[in-house]
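Student: Below you will find the structure I want to go over with you.
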Amino acid sequence: MLLDLAGVLYDGDSPIEGAADAVRRLREAGLPLRFVSNTTRSTKQMVLERLDRLGIEVDAAELFTPAQAARGWLAAHGCSAHLLIHPDLEPDFRDMPAGERLAVVVGDAANAFDYASLNAAFRALNDGAEFLALADNRVFKDDDGKLSLDAGPFVRALEFACGRPATVLGKPSTGFFLSALASMGCLPEDAVMVGDDVEGDVAGALRAGLATALLVRTGKYRVGDERQVEPAPTAVVADITAAAEWILARV
C-alpha cells in the first residue's frame with residue numbers, strides 16, 4: 001500500500017480522525033506500507049517528526065519524498081543544484097557534492113517565488129541547465145483551509161519561458177511510484193494507492209500501473225474531482241478509515 005500524507009493522514013498540524021488507528025490496522029493485517037508525499041516545504045525529518053507527534057508510527061525507510069528523489073537524480077547525473085525551493089527544505093540538499101553540470105530544482109518556494117528568483121532560474125535554464133520539478137501539483141490545501149497555488153503553476157511558467165518540459169520527480173511521476181514499490185519488492189499490479197489528489201495521487205498511480213487507487217474525500221478533495229481525470233479512481237471513499245476498511249475487506 002502507498003499512502004499520501006497531507007489530506008489523507010493529517011490536515012496541517014491536526015490528524016485526520018482515525019488515521020493512526022487505520023495505519024495500525026493495515027500493519028496488523030500484514031500489509032507492507034510506504035508513505036509517499038509531495039511536500040516540498042518540509043524536510044524528510046520534519047515530516048517524520050510531525051507524524052510522530054500525531055501518533056502515526058513511520059520508519060524513515062518507509063517515507064518517500066521528492067527531495068530524496070532529487071538528491072539521487074543529482075548524484076546519478078553529476079549535477080550541482082540551483083535551488084528554487086522553500087527555505088525550510090534546504091537542509092535536505094546540504095552536503096551534496098559539486099557536479100560538472102547544473103540542474104535547476106523547483107519546489108513549492110512560497111514567498112521565495114518572486115521575479116528575481118524566477119528570472120535567475122530561467123536564465124540558468126536558458127544557459128542549458130537541467131530542469132527538475134520536485135512536484136507539479138496545481139494547488140494544495142493551506143493552513144487557513146483554502147486552496148493555494150502549489151509548485152505546478154510556477155513550473156509551467158518556467159517551462160513556457162525556456163521552451164522545454166521539466167523532469168518531474170515526485171507524484172505523478174511513474175518512477176516515484178515504482179521506486180516506493182521496489183523498496184517493498186511489490187509489483188504495481190499488486191499495489192493500492194490512497195490519496196486526496198485526483199491528479200497526482202490517483203490518476204498518476206493508475207498510469208504507473210497500480211491496480212487500484214482510492215480517492216478520499218478529505219484534504220484538497222472537492223465535489224466532482226473524481227469526474228475530472230482519466231483514468232478515474234477505483235473507488236471514492238470518505239476518509240482513510242473507510243479506505244482501510246475497503247482494502248481489508250478485499251485482502
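The values are calculated or read from the model by the stated rules, or taken from the named source; none is laboratory data. From a predicted model like this one, the values you see are computed outputs, not experimental measurements. Positions of Cβ are generated from backbone atoms using ideal geometry, with glycine treated the same way; all protein chains shown enter the neighbour counts.
Student: Scanning for something modelled with pLDDT of 95 or more, closer than 23 Å to Ser42 by Cβ and either assigned to a helix (DSSP H, G or I) or not acidic (Asp, Glu) (or both), does segment 140-147 turn up at least one residue? Spell out the reasoning first.
Tutor: Initial filter on segment 140-147 (modelled with pLDDT of 95 or more): none.
No, segment 140-147 has no match at all.
Student: Something else now. What strands (runs of 3 or more DSSP E), lying completely within segment 156-251, carry at least 3 residues that are at pLDDT 95 or above and buried (at least 22 other Cβ atoms within 10 Å of the Cβ)? Show your work before the answer.
Tutor: On the way: elements: 192-195, 212-216, 235-237.
Result: 192-195, 212-216.
Student: Of the residues Phe64, Phe154, which is more than 21 Å from Lys44 (Cβ to Cβ), of a type in the set (A, V, I, L, M, F, W, C) and in contact with a helix residue (DSSP H, G or I) (Cβ under 8 Å, 6 or more places away or on another chain)?
Tutor: On the way: Phe64 fails: more than 21 Å from Lys44 (Cβ to Cβ).
Sole residue among the options that is more than 21 Å from Lys44 (Cβ to Cβ), of a type in the set (A, V, I, L, M, F, W, C) and in contact with a helix residue (DSSP H, G or I) (Cβ under 8 Å, 6 or more places away or on another chain): Phe154.
Student: Here is a check on your reading of the model: is Val36 in contact (Cβ under 8 Å) with a residue 12 or more places away in the chain, closer than 23 Å to Ala151 by Cα and within 18 Å of the chain's Cα centre (by Cα)? Give the steps one after another, and end with the answer.
Tutor: Working: in contact (Cβ under 8 Å) with a residue 12 or more places away in the chain: yes; closer than 23 Å to Ala151 by Cα: yes; within 18 Å of the chain's Cα centre (by Cα): yes.
Yes.
Student: Can I ask one more? Quickly run through segment 198-221 and pick out the residues that are touching a strand residue (DSSP E or B) at 6+ places or on another chain (Cβ under 9 Å), in contact (Cβ under 8 Å) with a residue 60 or more places away in the chain and more than 19 Å from Val23 (Cα to Cα). Steps first, please.
Tutor: Step one: list which residues in segment 198-221 are touching a strand residue (DSSP E or B) at 6+ places or on another chain (Cβ under 9 Å), which gives 198, 201-206, 208, 210-221.
Still in the list and also in contact (Cβ under 8 Å) with a residue 60 or more places away in the chain: 201, 205, 210, 216, 218-221.
Passing the criteria: Ala205, Leu210, Lys220, Tyr221.
Student: In segment 21-47, which residue that is hydrophobic (A, V, I, L, M, F, W, C) and surrounded by 18 or more Cβ atoms within 10 Å (Cβ to Cβ) is nearest to His86 (Cα to Cα)?
Tutor: Pass one, segment 21-47, residues hydrophobic (A, V, I, L, M, F, W, C): 22-23, 26, 29, 31, 33, 35-36, 46-47.
Okay, now just the ones that are also surrounded by 18 or more Cβ atoms within 10 Å (Cβ to Cβ), so 22-23, 26, 35-36, 47.
Numbers: Ala22: 31, Val23: 29, Leu26: 33, Phe35: 21, Val36: 19, Val47: 14 Å.
Ranking the qualifying residues of segment 21-47, first place goes to Val47.
Student: Follow-up. Scan segment 60-80 residue by residue and report those that are of a type in the set (Gly, Ala, Ser) and either touching a residue at least 40 places away in the same chain (Cβ under 8 Å) or in a helix (DSSP H, G or I) (or both).
Tutor: Just the residues of segment 60-80 that are of a type in the set (Gly, Ala, Ser), to begin with: 60-61, 67, 69-70, 72, 75-76, 78, 80.
Once the filter is applied, which keeps residues that are of a type in the set (Gly, Ala, Ser) and either touching a residue at least 40 places away in the same chain (Cβ under 8 Å) or in a helix (DSSP H, G or I) (or both), segment 60-80 yields Ala60, Ala61, Ala67, Ala69, Ala70, Gly72, Ala75, Ala76.
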